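Working notes, structure below.
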Amino acid sequence: MAFLDNSGDIILDAVLTDTGRLRLAKGDGSFKITQFAFGDDEINYSLYDKNHPSGSAYYDLDILQSPVFEAFTNNASSMKSLLLSNPNSQLLYLPSLVLTQGAEAVQTFYPNYNTFFVTADTTTAGIFSTTDSLNGVEVGNSNSIAVDQGINTTELANTSLVSEFEGSLVETQFILELNNNLLTLCDANNNSLNSGVNSRLSFIDDDGIASYSVTTDDTLVVIPLKSRKTDGDPETTSLLGPRDKRVKFKLKVKTDLQASTYLFTTYGGTDTVNSIAIYYIDTFVKVKGATTGTSITVPIRIIKKQ
């Protein structure tokens, strides 16, 4: 959906996503719009210029004149930046999601690649260090990926919780999105989260992107971060200020990637890492806060020895 400026008149341009059309086509009355969200993907707030020589009326002129996206149906490409409403008009800080690496069996980026390596078979896992890569087959032998939420600034004390700073910024639900054709989500205890009693799978869209929904009461994935002042800094984190929650998960590669190179040669590429020839596919896991609208895209490279 998009708001279009047409010479002073405000036009609402709304289209259904592929999933929306699918549900409407059922014709069984199940298609009902009960919730909606706003985003500002096209806005670059760094264009705000408080030093503009023409005065305050021009501070935000470049932002107001930015073209607005027309509505399009590809849900994977829209609504990357959600808007947040907050009743506190004095609020100066918003929460962030940051990657925390190298502590509490948390995986680190592979050196010089700025991405997480996930091995696609036991042969590849035996070659690459468990310090630098995630075992995508024998998930129980792998470390976790951890994303922490909080206020990422040194201007607020890092000895407190977000709830002590502003209760309305406390997250209540996270959504994790990943390519279901390549990966399955697991919790830190190696439980698959796409089926059975541990299932957190909400739906898989027409592009094969699986959405997993976890509340902050879900101990399988979400771990409340504790205050340093009362717990002696039990969790190392990259957050600079007040803490809230940690989302901690593992990834398992699909069987097709374990047994075949077809998907690698069709959608991926080849590389040489430490003199080892590999196939690879680049993908991602997106973690979003449903309450606060914060999000982070975690880069993933699935690798397989040639």
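Just so it is clear, none of the values below were taken in a lab; they were calculated from the coordinates. None of the values given here were measured: they were computed from a predicted structure. A quick note on method: Cβ atoms are made from the backbone with ideal geometry, for glycine too, and the neighbour counts reach across all protein chains shown.
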Query raised in the report: If the cut-off is a Cα-Cα distance under 13 Å, which aspartates and glutamates reach Lys50, setting aside same-chain residues fewer than 8 apart in sequence?
Result: Asp60, Asp62
Query - GluC sites (Glu not before Pro) within the stretch 137-234: DSSP coil, no more than 16 neighbouring Cβ in 10 Å - result: Glu138, Glu155
Report summary line: Expected max-MSF residue from Val106, Val68, Val222 in the GNM of the chain (alpha carbon, under 10 Å) is Val68
Query - Cα-based shape type of the stretch 12-107, given that a ≥ b ≥ c are square roots of the gyration tensor eigenvalues and the cut on a/c is 1.5 - result: oblate
Query raised in the report: If you take the charge dipole of the stretch 166-306 about its Cα centre, with +1 on Lys and Arg Cβ and -1 on Asp and Glu Cβ, which of Ile204, Asn180, Ile281 is farthest toward its positive end?
Result: Ile281
Query raised in the report: With +1 on each Lys and Arg Cβ and -1 on each Asp and Glu Cβ, how big is the dipole of the chain about its Cα centre, in debye rounded to the nearest 20?
Result: 900
Query raised in the report: Once you sort the root eigenvalues of the Cα gyration tensor of the stretch 91-226 as a ≥ b ≥ c, which label holds: rounded (a/c under 1.5), prolate (a/b larger than b/c) or oblate (the other case)?
Result: oblate
Query raised in the report: Separation of the stretch 74-144 and the stretch 146-222 by C-alpha centroid, Å?
Result: 11
Query raised in the report: Among the lysines, which have Cα under 16 Å from the Cα of Lys304 when same-chain residues fewer than 8 positions away are ignored?
Result: Lys252, Lys254
Query - Per DSSP, loop chymotrypsin sites (Phe, Trp or Tyr not before Pro) in the stretch 27-119 with at most 11 further Cβ within 10 Å - result: Phe36
Query - Normalised contact order of the chain, rounded percent, pairs of Cα under 8 Å and 6 or more residues apart - result: 19
Report task. Please give the contour-minus-distance gain from Leu22 to Thr154: 0.36 nm per residue of separation, less the Cα-Cα distance, rounded to one decimal in nm. Result -> 42.8 nm
Report summary line: Between Asp60 and Gln101, the two model label points (7 Å from Cα along the beta-carbon direction) sit apart by a distance in nm of 3.6
Query raised in the report: When Thr122, Thr100, Thr291 are ordered from fewest to most other Cβ atoms inside 10 Å of their Cβ, what list results?
Result: Thr122, Thr291, Thr100
Query raised in the report: At 222 nm, what helix-only mean residue ellipticity would the chain give, in deg cm²/dmol to the nearest 500, using -39500 (n - 2.57) for each DSSP H run of four or more?
Result: -2500 deg cm²/dmol
